[in-house]
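> Dropping a structure here in structure tokens format, bear with me for questions.
The values are calculated or read from the model by the stated rules, or taken from the named source; none is laboratory data. Treat the numbers as computed from the prediction; the structure is a model and nothing was measured. Backbone-built Cβ (ideal geometry, glycine too); neighbour counts: all protein chains shown.
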Amino acid sequence: MNLSRLPDERAGPVTATFPEGAHRTRTTQFEPSIQGLRGLAALSVLLVHLYDMPMLAGFLPAVPSWLNATVGTFGRGVEVFFMISGYLIPASLVRHKLISKFFYDRCLRILPVFVTFHLILFAIGPLVGYKFFKDIDALNYLKIFFANLFFLPDILNLPLGQQNAWTLTYEWAFYIWFAVAFYFAPRSRPITALVVVAGCAAMFYFPITAYFLIGLVLGAIELRIRAQGLPGLIFSVACLALMYAMMEYVHPFAGLIPAFLLFSTVLNPDSAIAQLLSKTAPQFVGKISYSLYLVHPFALYPLQVIGSKLVAHGYSPWAVWPIFVIVGLPLSFVASTITYELIEVRMRHAVAALLGDSKRRSLAEARND
């Protein structure tokens with residue numbers, strides 16, 4: 001691998017560069033490869049749930065062990081989201097200048113979809129006996145309702161409502177941690193150092209948070225790997241596969257190096273993986289990725305219930321599971337697209353307009369926020 005200060009057109013298919021001046025434009029530029037990577041992360045999680053939900057419901061047929069081992073790694077797409085946040089959030093804080101404006105935009109980005117489905121879940125859950133809602137009393141209902149609303153179920157050792165919302169607890173913790181460091185950096189070096197040390201210590205208790213660090217580092221040093229052509233694409237796919245496998249079957253820290261190599265390749269617009277992720281289909285999936293990530297369990301749940309009943313009535317899992325996948329995959333995309341249009345776009349813009357802030361919200365969407 002060749003390291004240089006400026007891109008060299010004569011370099012081989014896999015080289016590393018430090019593009020000068022990139023840090024001056026990153027806060028305002030939209031990077032399509034990041035959006036495509038978001039889509040890949042959300043799709044990874046969807047695929048693992050097309051496998052896990054039938055398994056939990058008892059209609060996953062006996063499959064080869066290698067398939068179990070492979071699909072089991074797909075849930076590691078959540079750490080890809082963490083890398084992206086680590087890369088984008090510092091620039092977002094710098095751009096907003098005021099911490100209050102930063103958190104306002106974070107709330108406007110995250111809460112509309114989350115709160116909408118939180119309310120739907122807690123309204124319908126008791127009626128259908130969904131998970132912990134069966135025979136729940138009023139006091140526990142309220143405790144779980146508010147714990148989930150404020151992203152605290154794991155901390156308070158209470159049941160998780162939305163299946164994938166646990167990662168938002170880590171996201172908010174990272175936002176708060178970095179905002180505190182950002183605030184004290186020009187004011188108190190000892191406090192800033194203490195905050196940084198606390199963040200590093202947290203990585204040993206919660207190893208998956210180390211993936212925020214990859215984004216932070218690549219946002220600071222601007223290292224980019226130009227992995228071009230078929231060899232470059234193979235290199236990127238190998239890094240992704242190794243990252244997933246090492247995290248799942250060795251230790252979360254074991255996936256840090258391939259994750260770093262993958263992300264530094266994605267961030268180079270000339271790399272094969274960046275160009276692939278910038279194509280129309282990955283861009284669409286990336287655009288709806290947040291809705292896809294949160295909404296697909298809701299879309300799949302009725303199919304999970306139906307599949308379980310069909311198997312109980314004597315239907316073969318080999319007949320039920322393929323139908324679950326064939327129907328569930330497009331249904332998840334349809335539900336997520338509708339959610340994106342109605343909530344992420346229209347509702348969010350309506351809220352921003354009410355607050356006199358629609359122009360700034362539109363500018364944020366033109367970036368990767």
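> So VAL48 clears everything in (1) over 21 Å from ALA173 (Cα atoms); (2) part of a helix (DSSP H, G or I); (3) modelled with pLDDT under 95 except one condition, right? Which one?
Going through the list (1) over 21 Å from ALA173 (Cα atoms); (2) part of a helix (DSSP H, G or I); (3) modelled with pLDDT under 95, VAL48 breaks only (3).
> Can you name the number of the only condition in (1) of a type outside the set (A, V, I, L, M); (2) in contact (Cβ under 8 Å) with a residue 12 or more places away in the chain; (3) under 30 Å from LEU56 (Cα atoms) that PHE133 fails?
Only one criterion is unmet by PHE133, namely (2).
> Identify the residue in segment 102-145 that is assigned to a helix (DSSP H, G or I) and among the small types (Gly, Ala, Ser) and, among all such residues, is nearest to TYR301 (Cα to Cα).
Among residues in segment 102-145 that are assigned to a helix (DSSP H, G or I) and among the small types (Gly, Ala, Ser), the one nearest to TYR301 (Cα to Cα) is GLY125.
> Same structure again: Mind listing just one residue for me: the one in segment 165-215 that is of a type in the set (S, T, N, Q) and under 18 Å from the mean Cα position of the chain (by Cα) and, of those, surrounded by the fewest Cβ atoms within 10 Å (Cβ to Cβ)?
THR169
> Given the structure, is LEU261 modelled with pLDDT of 95 or more and either charged (D, E, K, R) or under 24 Å from the mean Cα position of the chain (by Cα) (or both)?
yes
> Still on this structure, I have one more. Of the residues in segment 81-101, how many are farther than 13 Å from TYR175 by Cα, in a helix (DSSP H, G or I) and free of Cβ contacts under 8 Å to residues at least 60 places away in the same chain?
Within segment 81-101, residues that are farther than 13 Å from TYR175 by Cα, in a helix (DSSP H, G or I) and free of Cβ contacts under 8 Å to residues at least 60 places away in the same chain number 1.
> Could you list all residues from segment 322-339 that are surrounded by 13 or more Cβ atoms within 10 Å (Cβ to Cβ), closer than 18 Å to HIS49 by Cβ and either among the small types (Gly, Ala, Ser) or within 26 Å of the chain's Cα centre (by Cα) (or both)?
Passing the criteria: PHE324, VAL325, VAL327, GLY328, LEU329, LEU331, SER332, PHE333, ALA335, SER336, THR337, THR339.
> Please determine whether any residue of segment 289-308 is buried (at least 16 other Cβ atoms within 10 Å of the Cβ), in contact with a Gly (Cβ under 8 Å, 6 or more places away or on another chain) and within 16 Å of PRO32 (Cβ to Cβ).
yes
> Considering only segment 302-338, state which residues are over 19 Å from LEU121 (Cβ atoms) and of a type in the set (S, T, N, Q).
Within segment 302-338, SER308, SER316, THR337 qualify.
> If you scan segment 148-184, which residues turn out to be in a helix (DSSP H, G or I) and among the charged types (D, E, K, R)?
GLU171
> Another one. In contact with a helix residue (DSSP H, G or I) (Cβ under 8 Å, 6 or more places away or on another chain), farther than 26 Å from THR169 by Cα and of a type in the set (Val, Ile, Thr) - does that describe any residue in segment 279-287?
no
> Condition first: on the phi > 0 side of the Ramachandran plot and touching a residue at least 12 places away in the same chain (Cβ under 8 Å). Can you find one or more residues in segment 163-170 that meet it?
no
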